[in-house]
Amino acid sequence: MVVVAQLVRASDCGSEGRRFEPDHPPQTPLHASSQLLFTFGSWQAEWGGIHVIKRQKMEISAKFEPSSFEDKWYQYWLEKKIFHSVPDQREAYTIVIPPPNVTGVLHMGHMLNNTIQDVLIRRARMKGKNACWVPGTDHASIATEARVVAKLASEGIMKKDLSREVFLQHAWEWKEKHGGIILEQLKKLGASCDWDRTKFTMEHDMSESVIKVFVDLYKKGKIYRGVRMVNWDPSAKTAVSDEEVFHKEVQSKLYYIKYIIEGTEEFVTVATTRPETILGDTAVCVNPNDEKYLHLKGKKLIVPIVKRIVPVIFDEYVDMEFGTGALKITPAHDLNDYELGLKYQLEVIDIFNDNGTLNEKAGFYVGIDRFSARDKIIDDLKQQNLIVKIEDYTNKIGYSERTNAVIEPKLSVQWFVKMKELAVPALENVMNDNIQLYPTKFKNTYKHWMENVKDWCISRQLWWGQRIPAYYLPDGSFVVAENIETALLLAKQKYPQITLQELRQDEDVLDTWFSSWLWPISVFDGIRNPENPDIKYYYPTNDLVTAPEILFFWVARMIIAGYEYCGDMPFKNVYLTGIVRDKLGRKMSKSLGNSPDPLDLINKYGADGVRVGMLLCSPAGNDLPFDESLTEQGRNFGNKIWNAFRLVNNWPVDNNISQPVHSKLAVEWFDQLLNQNINNIENCFNDYRLSDALMAVYKLFWDEFSGWYLEIIKPDYQKPIDKKTLEASQLFFEKLLKLLHPFMPFITEELWHSMPGKMQQESISLSILDQAKIANSQIIDDFEEAKEVISNIRAIRKNKNIVQKDPLKLHVNSKLITYKNTYDTIICKLCNISEVSTALPSSQNTISFLVKTFEFSIVLEGLINNEEELDKLNKELDYLKGFHSSVMNKLNNEKFMSGAPDKVKEIEYNKKKDAESKIFSLEERIKQLLN
RNA sequence: GGGAGCUUAGCUCAGCUGGUUCAGAGCACCUGCCUUACAAGCAGGGGGUCACAGGUUCGAUCCCUGUAGCUCCCACCA
């Protein structure tokens, strides 16, 4: 029914007064009439020329200050061993942490990652599962070694002057001192890891597992040693994997250089960006279809500077359009050249030392750095008049992720894992969803990579890491064994007289990923001891939460290792988070200085606030545009919960008063709503939509519970509440706290302990989440009555608002459904009005009633004769008629009738019926108005 | 160069297998407000040609094609 408000009379009495505090002066000017209001209280003040008097405030607990209780509860959890897990009869729920670098400090990416893991693990714990979250750190060989080298250098100690043993001592010292900071920081966030299980990838048992796997793979023929083109980091003097190289676009030059044709004065011009590699040239290649070079068939060219005579080879690999169409071939220093070299059996001349300077094989510029050598060779070529031209050119150059040095493609002897066969089950089980990726879009990327997987270079020319268990014999051959004693036995098969001293272990260590790919297994000691109870109980783990950027070099490899060593997946679900970015969309990084310090944020907004802030904007796989205002929102939510708690637990109870009818209604209504939401939240978790789950709890608590439920049941000031309503409210609160706990562990624990009566569990972490009373499918919307009351309150508020703003405005547009005076009292309270009266005379077919506010009264009537009303009705009628005809179009359309499913047709029939009855009643009302 | 994905309100994003209860949420914004839990708050409100152009269909935010812009992954042409 349409309601029109009419200003009846103004009144300036009735208000009980406005409350002021010294630190909260009113932010808006007072109405003139307000002067009358401040007549009692305990203090007085002048504000805005108006005499203001404060009244006594109800005694309440302290302000919401997260810092006052967070540490306390974390300690409590640790003391009670709440996070500790041992195998038992319950279903296991396991997460292994993506081990952060031991050198690392907490950044926003970790915050996001670990918040998600903690939410999942805490929820599982509260669902009665035996939840185990295994923490730990990764030895990060390149990064850590670089740190230690730098630290020693600052003390004037050079790595090259140290023995391996002494260097490792320094490294361990460094690790003991600086490692593990990040784990301490995670505690501030509330991470509920089982700290008793903390692992480090270089611990004794972990290393043993790594070595065992290496030996095993070697025996299976999956590991081989070979000369390969690798990404060489001349600064760290080690090979790095493809994944550790990043490409950057740089301004460089393209040099056009003359190669004289042997025995003639003629020359071929070759374009190159790397003239220093000329010294390693062993051929020049042109496209066989390139007519301008047909005359080169059978000819030889003279490489400038070194004057080496090299053949011209013809291969379609060469792009005729690029440069001059002639390509110099340096098999030792370019991957493609290397492959051409293999194809045409060219000589391979490696002209670089490990540190990027030129070696004797270059013949010239020996000992000079590659970039200086480039300048020198250009000078020399100019002098010899061998440069045709030099062009500006933009190309991409690979840099080492760790040291930022320009990567040198270099031939070297390295250890490799054959990946092709190992990858088969890992691909299959992701494609058939045995292992689920969230979001699923990463399946494509995963598939593409696994189908084109290349052999994995696992050796690193470093000291910090697991040393490759290959032992060389004096004749250059080697044996692979788990320790030197076994190696000796193997060696004796070939040379019975050989001694331990004659064996020399490989100097290299293994790629860090070669230990982390075993992480979900080795943390439970499943490699060394596949039968131990932990691995049997906790493996496969449930969820892995990590960043998409390490999908290949970590996630995929863990899956491979899982099938190879446990015959089963390492985890069932992989939740891939986004990258945390700043407001401008830039990746958060230390160098940009755009990353807030997570600990500062925690201090400012509380861990719960930060957690909520991170989760509010982090749908799976999407980047997370982080802004501090989000944590503020999280903090505000905590404040809301805090205050709602104060309200619910500060009422005096009176066992003798009966439950008001509106409270009864509210309790029934909220109970259903809570159940609906429990179901909804469960669904969100099942789909890994954590943001949605949080948002559902957020709205449930803030809007429905605080905004409606509490306002309805709230007794008048200093009046007692009835027992029934109070108990229902406290139970609701308890259930809400449990729903909130995985997201906001600290505040919920704090309030849990302040709940009246005895909680069944000493910590909310150990309480069991409530199941919804009704299944999803059975939810019926049967709180019509409550909805009506709410809708009526809204309508009155709206009218009041409009009339307050503009007392002359008589027509407002809102609807009252039906009106029952059963709920008068609550309507008055929530609308802040003094009286609702239906005693006014009403015209036919209308409901009229008087709403008295403090300052004036308005009449809400069902219908008022006036043009505007008529106009509105006509508009509504037009819409309905249009709607009706569109429905009729469908129903009269043969194709629709034959093609559309019955369900849809039924909907359309109902729409038709509904629209027709609405049209009928509208037309009736318009008729009445016109009469 | 190859592949994947995205484009919906000022911002961040939901919209399941096409069907007016589908054009939504949170934040931000605007207006009014110290109202006895909470101004870290309350009440009310205004915002969108669902990137653009075609097509399929009875019907398109949803399916197809093309265009533009953005993001990511892979390869790396000297």
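The values are calculated or read from the model by the stated rules, or taken from the named source; none is laboratory data. All values derive from a computational prediction rather than experimental measurement. Positions of Cβ are generated from backbone atoms using ideal geometry, with glycine treated the same way; all protein chains shown enter the neighbour counts. Note: accessible area is taken over every heavy atom of the protein model, side chains too, but ligands, DNA and RNA are not part of it. Shrake-Rupley method; radii C 1.70, N 1.55, O 1.52, S 1.80 Å.
Please find the FRET efficiency linking A:Gln493 to A:Ala150, where r is the Cβ-Cβ separation and R0 is fixed at 45 Å, and quote it to the nearest 0.05.
Working: r = 45 Å, r/R0 = 0.99.
That pair, A:Gln493 with A:Ala150, gives E of 0.50.
Hey, which of these cross-link pairs are over 23 Å Cα-Cα: A:Lys253/A:Lys328; A:Lys248/A:Lys410; A:Lys297/A:Lys343; A:Lys443/A:Lys738; A:Lys237/A:Lys343; A:Lys127/A:Lys447?
Numbers: A:Lys253/A:Lys328 16 Å; A:Lys248/A:Lys410 19 Å; A:Lys297/A:Lys343 18 Å; A:Lys443/A:Lys738 35 Å; A:Lys237/A:Lys343 29 Å; A:Lys127/A:Lys447 34 Å.
The pairs that break the limit, which is 23 Å between Cα atoms, are A:Lys443/A:Lys738; A:Lys237/A:Lys343; A:Lys127/A:Lys447.
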Using 0.36 nm per residue, how much length does the chain from A:Asp597 to A:Asp392 gain when fully extended, once their Cα-Cα distance is taken away?
69.6 nm
Label-point separation, A:Gln75 to A:Asn832 (7 Å along Cα→Cβ), nm:
4.4
Measuring from centroid to centroid over Cα atoms, what is the spacing of region A:653-707 and region A:159-208 in Å?
46
Accessible area in the full protein assembly, largest first, 1.4 Å probe, for A:Lys63, A:Lys299
A:Lys63, A:Lys299
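Report the charge-dipole magnitude of region A:249-316 in Debye, nearest 20, computed about the Cα centre from +1 at each Lys and Arg Cβ and -1 at each Asp and Glu Cβ. Display every interim value, and only then the final one.
Values: 9 positive and 10 negative charges, 52 e Å.
That gives region A:249-316 a dipole magnitude of about 240 debye.
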Semi-axis lengths, Å, region A:515-583, gyration tensor of Cα atoms, sqrt of 5 times eigenvalues
26, 12, 10
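Distance cut-off 21 Å, Cα to Cα: go down the list A:Lys219/A:Lys420; A:Lys81/A:Lys640; A:Lys151/A:Lys396 and report the pairs above it.
Values: A:Lys219/A:Lys420 17 Å; A:Lys81/A:Lys640 30 Å; A:Lys151/A:Lys396 32 Å.
Over 21 Å apart, Cα to Cα: A:Lys81/A:Lys640; A:Lys151/A:Lys396.
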Going 7 Å from the Cα of A:Asp703 along its beta-carbon direction, which residues of region A:721-757 have the amide nitrogen within less than 15 Å of the resulting point?
none
Length released on extending from A:Asp242 to A:Lys177, taking residue separation times 0.36 nm less the Cα-Cα span
20.3 nm
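What's the extension gain from A:Gln771 to A:Lys253 if we count 0.36 nm per residue and subtract their Cα-Cα distance? It would help to have the intermediate numbers written out before the result.
Values: separation 518, 0.36 × 518 = 186.48 nm, distance 6.84 nm.
Contour length minus the Cα-Cα distance gives 179.6 nm.
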Sorting A:His107, A:His448 by accessible area (1.4 Å probe), largest first, what list results?
A:His448, A:His107
Keeping all protein chains in position, work out how much accessible area A:Asp627 exposes to a 1.4 Å probe, and write it in Å² to the nearest 10.
40
A:Thr198 accessible area, nearest 10 Å², 1.4 Å probe?
50
If A:Ser791, A:Ser629 are ordered by their accessible area, calculated over protein heavy atoms with a 1.4 Å probe, which sequence runs from highest to lowest?
A:Ser629, A:Ser791
Can you work out the FRET efficiency for the pair A:Leu647 and A:Glu531, with r the C-beta to C-beta distance and R0 = 56 Å, to the nearest 0.05?
0.50
Between A:Asn355 and A:Glu428, what is the label-to-label distance in nm when each label sits 7 Å out along the Cα-to-Cβ direction?
5.1
Tell me the accessible surface of A:Glu401 in square angstrom (1.4 angstrom probe, heavy atoms of protein chains only), to the nearest ten.
100
